[in-house]
Amino acid sequence: MKKILIVDDEAGFTRLIKLTLEKTGHYEVIEENDGSRAWETARACRPDLILLDIVMPKSDGGDVASKIKSDWTLKNTPVVFLTAIVSQRETTPGALIGGYPFISKPVSLDALIKCIEENLARKS
Amino acid sequence: MPSPDFPKNCRVLVAKDVAADPARLKQMLATVMESTTDHIYFKDTESRFVHINRALALFFGLKDPEDAVGKWDFDFFPREAAEQKFQDERHLMETGAPVIDKVEFQETPKGERRWVLTTKMPLRNFDGQIIGSFGSSRDITAIKQANADLSRSREELMEAMKELRSVQLQLIEAEKMKLVGRLAAGVAHEVKNPLAIVAMGMDYMRRQQFEDPNIAVIVQEITDAVKRADNVVRGLLDFSAPQRVVLEPSDVNGLIRQALILARGEFTGGKFEVVEELDPSLPLVRLDPMKMEQAFVNLFTNAAHAMKGGGTLLVRTSSRQLTGLGENVSTSGTFQVGDRLVVAEVLDTGHGLTEDAEGKVFEPFFTTKPTGKGTGLGLTVTKTIIDLHGGTIGIHNRPEGGVCVTITLKADAPL
């Protein structure tokens, strides 16, 4: 079972991601709704992949991603950004934000799982 | 009598002194005649010179003003100009009507082209009979030149002001777009996050079993509604996205074919025919392939939506050289005579546009589609893309029904 950390200040969203992903029986999901605590939570739970919201109060996704990248215990952990602010034109296959893959919200469960699996495969 | 206000060696004569001394008056008039740079002449009734001043003699290339006596303008000016002067004097002789401040263009005996200001008067004897004419002309070429320079400067100034105004409008537009961009980003964040929750919730429910079969229908309806709302917000972000283009020489025909593939999902629910009349010798155009592809996808999607139940989509390309203005293409600062243009036309057999809609189709959020079928941003985004490429886009109803959208772009290289 793969461990997924989702960092998003929308508690309703993280709760539903947890419910739906865990329902598949393939994932364990840890929620973190405070961006400023994301790095500590990641260090504590050592996830296989991190889903990271970009626009958050206190500490945004870009800051959290940089911190994770510079931490030798986490630097190989795939990070996938979650963002609501992306236009149609920018959602082309293979597009990156700041060098990271991203998912545009809202996202279907199938598309989310596909993205998670692709990035987990890249790690291994 | 010397005036107390003048130096002692300067003599000033009052009028009655002059009148009493005709010789003195004649000398004074002769001085004026000979010292002025204006051309002064006297002619007989046959328009022959009886006297000219030194300035006119110099103009004619004569050493002595006496050499002009008995000669006509025909001896000094090109035939056409001399004929005009002769006719003016004929009229003056017959009617006594003077010619005052007539601006004439004339060529000097040395071949110089000058502007002159001419006045001609009838010369009468003591009985009032016309016995000839006299007149003067002043070279105003320098004034005309100064006027022309001033006029040119004014035009340049007007042009500069127009450009300044245009830049100002662009800056205002850019600032507006920046604000719209911020607004769009804010809307996207605040709307799409709740949408994400709803969408994920629907996904969860879709995987559950319910006794009531209506639940599945409701879940699908909510999912579709989320997609619609998401499309509106994405369109808004597209509309307000930073306007940058990455230009590269591109094949417009290839882009159209790719866009047709991307839009084919829209041509369902009826009998559709897609006809391609693409000019194989179309020159390359420097453009942003992704953005231009999006522009065509938007047009094809609109065409499909306008042809509810089926119809024919005709996509046509051609190229031509702009040989003059008024060639059914907007040339106001967009293209220049000599430019090679690539024209792409998208014609449908749909319901066409109402008179009201024709002027508004490119405005943001204007749509003729039913609620949920269009964001009202497709043509706005398309026009923005065409504008970014320095092209033009026009839309008009076809006489046989449907609309024709014409995109005109400048080809990469001239003929």
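Taking residue B:286, is it closer than 30 Å to residue B:171 by Cβ, surrounded by fewer than 17 Cβ atoms within 10 Å (Cβ to Cβ) and more than 11 Å from chain A (Cβ to nearest Cβ)?
Answer is yes for this residue.
Test of understanding: among B:226, B:180, which residue is surrounded by 12 or more Cβ atoms within 10 Å (Cβ to Cβ) and at the interface with another protein chain (Cβ under 9 Å from one of its Cβ atoms)?
Details: B:180 fails: at the interface with another protein chain (Cβ under 9 Å from one of its Cβ atoms).
Just one listed residue meets the conditions, B:226.
Only strands (runs of 3 or more DSSP E) wholly contained in segment A:1-84 count here; list those with 2 or more residues that are free of Cβ contacts under 8 Å to residues at least 60 places away in the same chain, among the charged types (D, E, K, R) and more than 13 Å from chain B (Cβ to nearest Cβ).
By residue number, A:27-32.
Out of B:226, B:219, B:252, report the one residue that is under 39 Å from the mean Cα position of the chain (by Cα) and of a type in the set (A, V, I, L, M).
Among B:226, B:219, B:252, only B:252 is under 39 Å from the mean Cα position of the chain (by Cα) and of a type in the set (A, V, I, L, M).
With the requirement that a residue be in contact with an Asp or Glu (Cβ under 6 Å, 6 or more places away or on another chain) and either loosely packed, with under 10 Cβ neighbours inside 10 Å or over 29 Å from residue B:93 (Cβ atoms) (or both), what does segment B:117-163 give you?
none
Of all residues in segment B:19-46, which are assigned to a helix (DSSP H, G or I) and touching a His at 6+ places or on another chain (Cβ under 7 Å)?
None; the set is empty.
Looking at B:82, B:97, which one is of a type in the set (A, V, I, L, M) and farther than 23 Å from residue B:69 by Cβ?
It is B:97.
Answer yes if at least one residue in segment A:77-88 is closer than 17 Å to residue A:17 by Cβ, among the β-branched types (Val, Ile, Thr), touching a Leu at 6+ places or on another chain (Cβ under 7 Å) and at pLDDT 90 or above, and no otherwise.
Checking segment A:77-88: at least one residue is closer than 17 Å to residue A:17 by Cβ, among the β-branched types (Val, Ile, Thr), touching a Leu at 6+ places or on another chain (Cβ under 7 Å) and at pLDDT 90 or above.
Please identify the pairs in which a residue from segment B:132-153 that is of a type in the set (A, V, I, L, M) has its Cβ atom under 7 Å from the Cβ atom of a residue that is not in a helix (DSSP H, G or I), counting only partners at least 6 apart or on another chain.
B:140/B:115; B:140/B:116; B:140/B:117
The values are calculated or read from the model by the stated rules, or taken from the named source; none is laboratory data. Keep in mind that this is a model prediction, so the values were computed, not measured. Cβ coordinates were reconstructed from backbone atoms using ideal geometry, including for glycine residues, and neighbour counts include every protein chain displayed.
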